[in-house]
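Here's the structure, in structure tokens; my notes come after.
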């Protein structure tokens, strides 16, 4: 098995750094590089594993030329870099999430990168929270819901973003489909659940969309190693939570994902 050159954008963020640490455990399988806008860690992470200078690219996601240089020679791009909340306003989302996503996919196409894994979010489905039984789950009233009867939302259901951040992730998923269909790339959209540094959701409703650090690292590794036949697909990245309302069986069946944790 040949070693894959993997670039993780947003490597100094919480999820990006968790994935970086995981891949370093398999030096025979992955030659790992990182890209970030800054050298300092995200304020969401306490203990960062720094990327060596010779394998680190410092670039703004809106700088196409810098992204183009970073992706050259890579086999896989794990695109985690983004404005993670939309709290900094439309201009931040535009540059980091929309222009940034386009720059990654287009640079990957020009460089002949085989696979791009796009970090989407479970928030693309949060509009369902206005209907039952999902509203009760988001209220944290788990005792009022039978987990065995929850209608599961799958990747085949329409997206229902309820904020501009989630809308930017729908844009990224659409780009992934375009580049897979029109340019023959393998593009995977991963709808990531709530990942926290201490693996403990601070709100009760978080138990239903929780993803542990261990599980997010595993499912990304599964995406990297997915067979070439996976041209375009969408997966929810969650742990095996008792009150999951978003489907993880698709990831288990296609990727061989086996979650180790759950709420």
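Values quoted throughout were computed directly from the atomic coordinates according to the rules given, and no laboratory measurement underlies them. Fair warning: this is a prediction, and the values are worked out from it, not measured in the lab. When we count neighbours, we look across all protein chains shown, and the Cβ atoms used for this are built from the backbone with ideal geometry, even at glycine.
Going from the fewest other Cβ atoms within 10 Å to the most, the residues 254, 76 appear in the order 254, 76. Taking Cα atoms only, the orientation of helix 100-111 departs from the longest principal axis of the chain by about 50 degrees. Once the Cα atoms are used to define both axes, helix 164-183 deviates from the longest principal axis of the chain by about 60 degrees.
Just to confirm my numbers, what's the Cα centroid distance between the range 163-184 and the range 206-222 in Å? One Cα centre to the other: 21 Å.
Across the chain, C-alpha contacts under 8 Å between residues 6 or more apart give a mean separation that, scaled by the residue count, equals a relative contact order of 18 percent. Across the range 109-263, Cα pairs under 8 Å and at least six residues apart give a relative contact order of 28 percent. Note on 173, 72, 25: ascending count of other Cβ atoms within 10 Å places them as 25, 72, 173, the fewest first. To the nearest ten degrees, helix 213-224 and the longest principal axis of the Cα atoms of the chain are 60 degrees apart.
By other beta-carbon atoms within 10 Å, ranking 243, 33 with the fewest at the front produces 243, 33.
Across the range 1-104, the relative contact order, built from alpha-carbon pairs under 8 Å that are at least six residues apart, equals 32 percent.
Per residue of the chain, the DSSP helices (runs of n ≥ 4 H) give a summed -39500 (n - 2.57) that works out to -9000 deg cm²/dmol at 222 nm.
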